[in-house]
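Let me begin by presenting the structure, written as structure tokens, before commenting on it.
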Amino acid sequence: MSDRVELSRVPGLPLDWSALQARVQQVLDAGPYWFPVRHHSPTVALHVGAAIRARRPRLVLIEGPSEASHLIAHLLDRKTRPPVAIYSSYRDDANVLGLAGVATPSPDVPVRSSVWYPLLPYSPELEAMLAAQEVGAELAFIDLPHHALMKPHRPPENDEPEPRVEAVAPSESAGEATHERGSEGHIERSEFYQRLAAAAGFRTFDEAWDGLFEVGGQARDTEDFRRDMACFCAAARATTDPARIASDDTLPRERFMLREIRRHLSERELAPEQAVVVTGGFHMLLDRDDPELPPEPPPGTLNTTIVPYSYYRVAERSGYAAGNRAPAFYQLQWDTRQRGGDHQDLVIEHVTRVMRQGRKKGSALSSADAIAVTQHASMLGRLRGRSEPVLDDIEDALITCCCKGDPAEVGQDLQAAMREAAVGSRVGKVTRAVGMLPIVADFQAQISDLELGEALQRDRNFVLSLDRKQPLDARRSAFLHRLCYLGVPLGSLDPEAVRGTIHRETWTLRWSPSIDPAVVERSALGDTIESAAAAKLEEDLAHAQLSAGATTARVLDALRMELPDFATRLHDVCGPAIDADPRFVSLAHGLTSLLVIDRHAAFRGLRRDVVADLVVRCYGRASFAIPDIASVPPEEEREAVDGLQAVAEAVLGEHEVALDRDLFAAYVSSAAAQTSSMFMRGVLLGLLAELRVIDGAVLAAEISGLARGAETAMVAAGDLVRGILEVSRASLMLGADAIVEAIDELLRASSWEIFLVMLPSLRAAFEKLRGADLGVMCDRVAVRYGLREVEELDLSLTVGAAALMAEVDQRVAQIMEGFMQGFSEGR
Amino acid sequence: MATKKTSKSTKKSGTKASPDAEVGTEQEAGAGASEPASEGASSDGEVLRQPAEVAHADQLEALRQNESDTAPASWWLSPRSVLTYIVGGKTLTATIRGKQTEVEITRKFFGDDTVVERAIVTLASERALLLVGEPGTGKSWLSEHLAAAICGNSCLTIQGTAGTTEEHIKYSWNVARVIAEGYTLANLVPSPTMNAMRSGALLRFEEITRCVPDVQDALVSVLSDKAIAVPELPSSPLIWAKPGFNVIATANSRDQGVNELSAALKRRFNYVHIPIIGDQRTEQSVVRQRTSELMQRYGLQAKVAPPVLDLLTTVFRELRQGKSKEGIGLKQPGTTMSTAEAIGCALDAALHARYFGDGTVRPADIARNLTGSVVKEDLGDLASLREYATLVGKKRGAKDPVWKELCDALEVALRQ
Ligand SMILES: Nc1ncnc2c1ncn2[C@@H]1O[C@H](COP(=O)(O)OP(=O)(O)O)[C@@H](O)[C@H]1O
Ligand SMILES: [Mg+2]
């Protein structure tokens, strides 16, 4: 291994290399002049640019989405700064594919698909465009529109199983993908590459590519380089099973490209020699006599635009062949060569960057280390049969020279530094000249008005603390809430920070390539972010019509988004929903939202009396609905308990609106009497204790009652205790002694088998306790079991564990006692 | 029990002995540092364990004859040939003892080849090499083969212990003669370090982190000055290192001391971490190859059938990872469960099969030795093994007779 392997002499390959070379030469010599590329390769970019500048063709055709040809001028605009992506989205409004309701959640939702085609500053496609512009050549994209690959729904024949929807889009689950360069996958899987990798010891395709073509590639003659690449791709294609090629989108795309090349030439009446074609290397060997026609794209709504992209995303996509494992490293390679620097300069600069990042994280890295790494990388590269080190060699050298132990343990900071230096955080920019949809323009105007641009410069988290008493912050908050509501993934609100005060909010913002497309998607709702949010809110309110919970939640959203009119419409919107909704849980949610709305009231210019009236109405209806929950099925118990606690908090909390405690208590009492679920009974009784309607002694009596009852009743006692502890807070503090005593009685009375049945509920019950409650309970348990020194109990354990430990000790003592007695009696 | 002793002492020979005895290993070095034993393979059949450069003299010679790259100063082979020697996979034509022969270069070290590449490059650089990892991951083994291939001498070795002194690292005096004749160069007893320096060879420093800091400091000056001063002699001469001199140290990451190399020493070393072998196939290859080599050495006829080998490596991997293939969580034993232990276990079983059985290693032999290698001093480990037998082994035993035999035997062994 590791010896330099000649491409023409890959061992064990059934390939006639000179015949292959002859075939490739034919293709290379034929018109149009075809240049094979690897996407995102800086060295290929250099040569394809050189070739176009030397040949000065009239027309340059590039593998890019043909539906985006009109955007080429904007890609070349000086104000567009890569990384950017061509974003193309399709929506089947008329359901011509018949996929609505089949590949989408409902027949109302049309099927969609969208694709990103990322471009970096050193993408060969971009460099080809720039060179074409320089020599005055016309430019066009010739790749098949992605939606032409969508297959219409075929209803299953009688005995045929329903086809899976996998064929729907050339993409992943969400119908969104980065342009899949399937061809590179073919190269990697080909027998040629596999044997080459085995012989040369390549661990990844990236390593192979870099060693074969990037290192030293810039100094080579462009035509030699082109020939080697073509041979490499031809060898891969010749050793790939044709059935495999036929199984993906390769052939339809090639048919389309072929047709487009011919069309462009004949439309302009050009000879093939006057054109240059730039495609992935694999496609260069396409079947020029393929008689089949490419698929036609279905009609529908197509949106094509250019959006900013980031290195981070490009790196994330590596491995899918559409990405690049180290965008910042290859950028550095590109920049270094443009400056006339050599490979050594690149290595030193990259190592220095890693060191800088590493030191920021606190690693002790010296310049002696940097020198050692550079030297080590070169030697490692040579040992592996390359004239200069590739990124893999540099990274291995960094680990060897700077990581003093197991990389998985002591090398984490170093590896993070290596990742950051290799990937980078650059985000691109798109010229404003790209015809912007009004809503996109509004979005960008707001970003700049609200001074949020800074947060979007880099692909990393940006934390923003807002005080809504400040006018700018109030507007920012409203804007961010609107974006959230519209599903534009710009930022998220820290839920903890909302709880304390309604004025302060903490947001985490982060740039993402899905932001722009999401805004584009919402253009159907309105021309501005505000109007789109208002339109969506109206739609949602219509759906929420009969739900108190959902309606009030939407109103709260409206307040946070500062949508106008809602202040006056509050009563008309919420009143009917409250009156119509019979469901306890929904009403309980409604009550919670209304109390928050009440806190917003003064601040948002709402009429207090209207809010108060709604609160009282909602509270009353929630109370009346309590009997329903006496018989909720177990899977809905959770929700019911949350609802009950919310209402109890409302009753016990301090607000301007006075709520009738007795009303709630009366309904809780009657539900407690009716319910057949021991858990719910515990919950309801616990609530009554919290409301001071009953005291701890009553709860205790309830538990001891079960202890004295039949064994079957005893089994349910665990659930009762769990219910009580679920909701009890204050009552527990006050009645802990009695309750502990009752639980103890229960445990004494139960047999070992019954105890085991109760155990899970009991454990769950005690694990619910927190903080001070836990302390009180531990205290009581400790005293009860004679552990006077309370300190001896480790309070860091859950009380469940503590109580159980005490219990087990007790049991063991009893058993031992019984055993000893029996023993002595037996004697 | 008797079989146990034999194998343990052979496995550990040269690693557990006293420091004095270790320094004694320089005997061959002193004489043959510049003239390593390349013809020795046949002459000393009586030696229980030959150094790598002797055992694999033919392979090294074949690589030398086929050399196409340049070797660094004082290196016997180019880095690429050293790599080939360690990872194998080639057959070379060479003239060995006057005869044209096809020599197969066997794989010596199994696992990630980048580890070996990084180690070789380090040895050709300004920095010294420290191989770190769990016990039994083949650190000493790799170090020996690297030294054999690079300078034809793997015997310039210092064994680090708490009792290692500066004298072991630099030099000492023949006291009797110093009393009679005074300090002269002839009365100086060089250390392996000094011998390595004089011949531009590699010094192997085993378990370096067991040495006390003062002793480690002695090495700092050797590494930075590339010279040892002898102030006792009238002219206070410096003994200089020839180009090619470097150090391969090993350290056990289970020893608490690893990170306690002084900052000054740390800087002069590149650390290459040797991971526990990642995949089972590779581990099986190691165990198979090493066991058969060792059995040959003992003239053992015993055979370990593939299913038994598979069984053995499976048990070791699952216990080491604390998880069975089916995803059952297991209590990990305190012992490392290293590949080396697996080899030891296979060898013990083979010895047992040879002397007390019919020469075929059975699952039961494995079971008996498992209790030996897993349990060792620790009763908690006994519980791990028992848990393993019950949770994992029993189920497999229902379908697979090999597993059934293992479990039955384990049950018996664990009851004792
Ligand atoms: N990856 C490996 N390749 C080859 N042999 C190995 C490997 N790991 C362990 N061994 C074998 O295990 C035995 C003990 O290894 P050793 O080098 O003493 O371990 P360490 O020094 O790491 O404690 C040696 O006989 C060696 O052959
Ligand atoms: Mg060792």
With the dipole of segment B:198-246 defined by +1 on each Lys or Arg Cβ and -1 on each Asp or Glu Cβ, the option from B:SER224, B:SER199, B:ASN246 whose Cα lies farthest towards the positive pole is B:SER199
So the FRET efficiency between B:GLN296 and A:LEU652, C-beta based with R0 = 60 Å and rounded to 0.05, is 0.10
Taking the alpha-carbon centre of each part, the distance from segment A:59-136 to segment B:265-289 in Å is 48
Given labels modelled 7 Å from the Cα in the Cβ direction, how far is it in nm from B:SER262 to B:GLN50? 4.1
So who's got an amide H within less than 5 Å of the one on A:ILE306, skipping anything under 5 residues away but keeping other chains? H placed 1.01 Å off N, in plane. A:TYR87
What net charge do the residues around B:MET295 carry, taking every other residue with its C-beta under 13 Å from that of B:MET295, with Lys and Arg at +1 and Asp and Glu at -1? +3
Would you mind giving the mean number of other chain beta-carbons within 10 Å of the Cβ of each residue in A:390-400, as a whole number? 3
With r defined as the distance between the Cβ atoms of A:ASP345 and A:HIS70 and R0 fixed at 51 Å, what FRET efficiency is calculated, to the nearest 0.05? 0.80
With Cα springs under 10 Å, the Gaussian network model of chain B assigns the largest mean-square fluctuation among B:GLU232, B:GLU326, B:GLU117 to B:GLU326
What does the accessible area of A:ASP77 come to, in Å² to the nearest 10, when a probe of 1.4 Å is used? 40
Pick out, from B:VAL315, B:ALA346, B:LEU410, the residue whose Cα sits farthest towards the positive end of the charge dipole of segment B:280-415, with +1 on the Cβ of Lys and Arg and -1 on the Cβ of Asp and Glu. B:VAL315
Using only Cα atoms, tell me the angle between helix A:191-200 and the longest principal axis of chain A; keep it within 0 to 90° and round to the nearest 10. 90
So how much slack lies between A:ASP737 and A:PHE624, counting 0.36 nm per residue of separation and subtracting their Cα-Cα distance, in nm? 37.3 nm
Where does chain A land at 222 nm, in deg cm²/dmol rounded to the nearest 500, when only DSSP H runs of n ≥ 4 count, each adding -39500 (n - 2.57), divided by all residues? -18000 deg cm²/dmol
Want the number for B:LYS323 to B:LEU238: 0.36 nm per residue separation, take away the alpha-carbon distance, what's left? 24.9 nm
Helix B:339-356 versus the longest principal axis of chain B: what is the Cα-based angle in degrees, 0 to 90, to the nearest 10? 60
For chain A, report the accessible area per residue in Å² (1.4 Å probe, heavy atoms, rounded to an integer). 44
Selection from A:HIS376, A:TYR312, A:ALA701 lying farthest towards where the dipole of the protein assembly as shown points positive, charges on Cβ: A:HIS376
Let's see if you can work this out: charge +1 on each Lys and Arg Cβ, -1 on each Asp and Glu Cβ, no other charges. What is the dipole magnitude of segment B:280-415 about its Cα centre, in debye to the nearest 20? 280
Which residues of segment B:97-120 show a drop of at least 10 Å² in accessible area when all protein chains are present, compared with their chain alone (probe radius 1.4 Å, heavy atoms only, ligands and nucleic acids excluded)? B:ASP113, B:THR114, B:GLU117, B:ARG118
Note the full-extension length gain between A:LYS469 and A:VAL96 as 0.36 nm times their separation in residues minus their Cα-Cα distance, in nm to one decimal. 129.1 nm
Helix A:752-768: inclination vs chain A longest Cα principal axis, degrees, rounded to 10, gives 70
What does a probe at A:ASP565 reach in segment A:512-539, counting residues whose amide N is under 16 Å from the point 7 Å along Cα→Cβ? A:525-539
In square nanometres, what is the average projected area of the Cα convex hull of chain A? 49.0
Rounded to whole Å and sorted largest first, what semi-axes of the equivalent ellipsoid does the C-alpha gyration tensor of chain B yield via the square root of 5 times each eigenvalue? 41, 25, 20
Compute and list, largest first, the equivalent-ellipsoid semi-axes of segment B:48-126 from the alpha carbon gyration tensor, each √(5λ) rounded to a whole angstrom. 21, 15, 12
At a probe of 1.4 Å, how much accessible area disappears from chains A and B on forming the pair, both sides counted, to the nearest 100 Å²? 2000
Going highest first, how would you order A:658-669, A:30-41 by mean Cβ packing within 10 Å? A:30-41, A:658-669
Dipole moment magnitude, nearest 20 debye, chain A about Cα centre, only Lys, Arg, Asp, Glu C-beta charged: 2160
The answer for the net charge of residues other than A:GLU636 whose Cβ lies under 12 angstrom from its Cβ, with Lys and Arg +1 and Asp and Glu -1, is -3
Using only the alpha carbons, work out the radius of gyration and Dmax of segment B:154-195 in angstrom. 11.8, 35
Alpha-carbon Debye profile of segment B:123-270, log10 I(q)/I(0) at 0.21 Å⁻¹: -1.34
Can you compute the charge dipole magnitude of segment B:52-274 about its Cα centre, using +1 on each Lys and Arg Cβ and -1 on each Asp and Glu Cβ, nothing else charged? Give it in debye, rounded to the nearest 20. 280
What do the square roots of 5 times the Cα gyration tensor eigenvalues come to for segment A:438-524, in whole Å, largest first, as semi-axes of the equivalent ellipsoid? 21, 14, 13
Probe radius 1.4 Å, ligands and nucleic acids ignored: give me the carbon and sulfur share of the accessible area of segment A:476-550 as a rounded percent. 52
Over all alpha-carbon pairs in segment B:280-415, figure out the percentage whose distance exceeds 22 Å. 30
Sum of side-chain charges, A:LEU270 neighbourhood, beta-carbon under 14 Å (Lys, Arg +1; Asp, Glu -1): +1
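The values are calculated or read from the model by the stated rules, or taken from the named source; none is laboratory data. Note that the structure is a prediction, hence the values are computed from the model and not measured. FYI the Cβ positions are ideal-geometry reconstructions off the backbone, even for glycines, and counts take in every protein chain you see. Please note that ligands, DNA and RNA were not included when accessible areas were found on the heavy atoms of the full protein model with its side chains. Shrake-Rupley method; radii C 1.70, N 1.55, O 1.52, S 1.80 Å.
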